[in-house]
Amino acid sequence: MRIEFDQSKSRIVKQKHGISLKEAQSIFDQAFLLDQKCDDPRQFRAIGWCGGRLCSVILEVRRDSEGEYWHLITAWKATKEEEQSYAENV
């Protein structure tokens, strides 16, 4: 799956949450949990390992002339609830 994100947004997310969207891409290199967060726009949350810690990413599935891709919106260190969900489901 192709993954894209806005570079300037990645810098903002890094300052706010300590993880950039570029770093967050590594979540998809191993087992991760994916669930739907909202319907409009259709967004998903992925929980997985990134930089030695469990993190969460919000993404949208988009399409362009090259096909479908995942557009990363934001990322953060997983909450206790997200850690528990990951442990129970992955």
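Structure above, values below:
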| item | result |
| --- | --- |
| Residue in segment 52-72 that is touching a Ser or Thr at 6+ places or on another chain (Cβ under 6 Å) and either charged (D, E, K, R) or in contact (Cβ under 8 Å) with a residue 12 or more places away in the chain (or both) present | yes |
| Subset of segment 33-90 (residues that are closer than 19 Å to Gln15 by Cα, among the charged types (D, E, K, R) and at pLDDT 95 or above) | Lys77 |
| Condition check for Ser10: more than 15 Å from Gln84 (Cα to Cα) and either surrounded by 13 or more Cβ atoms within 10 Å (Cβ to Cβ) or touching a Lys or Arg at 6+ places or on another chain (Cβ under 9 Å) (or both) | yes |
| Subset tally (residues that are assigned to a helix (DSSP H, G or I), among the small types (Gly, Ala, Ser) and under 18 Å from Thr79 (Cα atoms)) for segment 1-25 | 1 |
| Subset tally (residues that are within 13 Å of Ile19 (Cβ to Cβ) and in contact (Cβ under 8 Å) with a residue 40 or more places away in the chain) for segment 74-90 | 4 |
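For every residue, the table says whether it meets (1) under 12 Å from the mean Cα position of the chain (by Cα); (2) surrounded by 15 or more Cβ atoms within 10 Å (Cβ to Cβ); (3) in a helix (DSSP H, G or I).
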residue	(1), (2), (3)
Phe28	yes, yes, yes
Ile47	yes, yes, no
Leu54	yes, yes, no
Leu59	yes, yes, no
Arg62	no, no, no
Tyr69	no, yes, no
Ala75	yes, yes, no
Ala87	no, no, yes
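The values are calculated or read from the model by the stated rules, or taken from the named source; none is laboratory data. Keep in mind it's a predicted model, so treat the numbers as computed, not measured. Reconstructed Cβ throughout: ideal geometry from the backbone, glycine too, with neighbour counts over all protein chains shown.
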